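Visitor: This is the structure I have questions about; it appears just below.
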Amino acid sequence: MTVPFFSGADVERAVSPQEAYEAVKAAFVAHARGEWTMPPKLYVTNYPAGDFRAMPALGGGHALLKWVTSFPGNPAQGLPTVTGLVLLSNAETGQLEAVLAAAAVTALRTAAAGVIAAETLCRAGAESTAVVGCGVNGAETVRMFRARGADVVVWDLDAARAEAVAERFGACVAPSREEALACDVVVTVTPGKEVLFPEGSLREGQHVSLMGADGPGKAEVAVAELARAELFCDDWEQASHGGELAAGVEAGLVTRKRVTELGRILAGEAEGRRSTSDITLFDSTGLAIQDLAIAKVAAARAGELDLARLAL
């Protein structure tokens, strides 16, 4: 038996930004309606170096297991932060149907989630959009915003990397981090080691998709700012234990009643932004249903691509 293997380049060829956007949006809705299921991700930690994550999901006739890493210090050693594999199986027979490079799938679904949240929760008439962090996932987020027709400014600690991403996707480099963080819509895609929004810094009417704090001890916004904002997340169980909101839960500032899952808004079951003056924060912890959505689109294209095959 052999199964197709999608390298990172193969995933990019198989799934366009718009297809990823639509697939992840549909997956959010399916999960909110209970049609797709997903246990919380399991962390196997080796801090401070990094962690391993096992992420299962079931839906749409397929089951998925993603084994993926997050080692923020790797780039300094010339190694990628994210590595791993995605296994896609037929839910009726249990047969493995595809193996995919996890980093490429992660980049697509991270970008899709951040952009979907931004478009769903930003105020009407928002005029400026920024992506802060131009690593693999940040670059993919810029690509997705541009595919959706949005003008974007970017910022990164590495000025050369920001310039390269801006040139590649037709974006502009922000004059400073502060100007990027002051935009009407901000997507932060950093390692989560540093608070980008200190106490009192969020602006009235602003929306921020917080994509970097996807594990314990990470944060891109000060805990006190959570009390000023309308709060949203991808999945409460994950976000309350290992996401941006976890510190707020521990401090007693964030309760379940204060947080709305994005899928419920997309499914028409809950309200999003209530006024133009609201500050809206979306906490993304990364869901296996998003990976499943991307993997299903890619696998459907297996016959169209010249793919390597793995013998089992």
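The values are calculated or read from the model by the stated rules, or taken from the named source; none is laboratory data. Keep in mind it's a predicted model, so treat the numbers as computed, not measured. Reconstructed Cβ throughout: ideal geometry from the backbone, glycine too, with neighbour counts over all protein chains shown.
Visitor: Quick one: count up the residues across the range 100-128 that are among the hydroxyl-bearing types (Ser, Thr, Tyr) and surrounded by 24 or more Cβ atoms within 10 Å (Cβ to Cβ). Break it down into steps so the answer makes sense when it comes.
Guide: Filtering the range 100-128 for residues among the hydroxyl-bearing types (Ser, Thr, Tyr) gives 106, 110, 120, 128.
The next check asks that each one be surrounded by 24 or more Cβ atoms within 10 Å (Cβ to Cβ); those that pass are 106, 110.
Counting residues in the range 100-128 that are among the hydroxyl-bearing types (Ser, Thr, Tyr) and surrounded by 24 or more Cβ atoms within 10 Å (Cβ to Cβ) gives 2.
Let's see how each residue does on (1) under 17 Å from LEU58 (Cβ atoms); (2) assigned by TED's automatic domain parsing to the domain that holds SER209; (3) of a type in the set (A, V, I, L, M, F, W, C); (4) out of contact with any helix residue (DSSP H, G or I) (no Cβ under 7 Å at 6 or more places or on another chain):
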position	(1), (2), (3), (4)
GLY263	yes, yes, no, no
LEU266	no, yes, yes, no
GLU269	no, yes, no, no
ASP278	no, yes, no, yes
ALA298	no, no, yes, no
GLY303	no, no, no, yes
LEU307	no, no, yes, no
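Visitor: Taking ALA229, is it more than 25 Å from TYR21 (Cα to Cα), of a type outside the set (Val, Ile, Thr) and modelled with pLDDT of 95 or more? Give the derivation first.
Guide: Working: more than 25 Å from TYR21 (Cα to Cα): yes; of a type outside the set (Val, Ile, Thr): yes; modelled with pLDDT of 95 or more: yes.
Yes; evaluated as a whole, the condition is true for this residue.
Visitor: Right, here's the next one. Select, from ARG148, ARG177, ARG161, ARG168, the only residue that is surrounded by fewer than 23 Cβ atoms within 10 Å (Cβ to Cβ), in contact (Cβ under 8 Å) with a residue 24 or more places away in the chain and within 17 Å of the chain's Cα centre (by Cα).
Guide: Testing whether each residue is surrounded by fewer than 23 Cβ atoms within 10 Å (Cβ to Cβ), in contact (Cβ under 8 Å) with a residue 24 or more places away in the chain and within 17 Å of the chain's Cα centre (by Cα) leaves just ARG148.
Visitor: Among the residues of the range 133-156, which ones are over 23 Å from ALA102 (Cα atoms) and either among the aromatic types (Phe, Trp, Tyr) or at pLDDT below 95 (or both)?
Guide: Passing the criteria: only TRP155.
Visitor: Sticking with this one: Could you list, in sequence order, the residues of the range 141-163 that are out of contact with any helix residue (DSSP H, G or I) (no Cβ under 7 Å at 6 or more places or on another chain) and over 22 Å from ALA20 (Cβ atoms)?
Guide: LEU157, ASP158, ALA159, ALA160, ARG161, ALA162, GLU163
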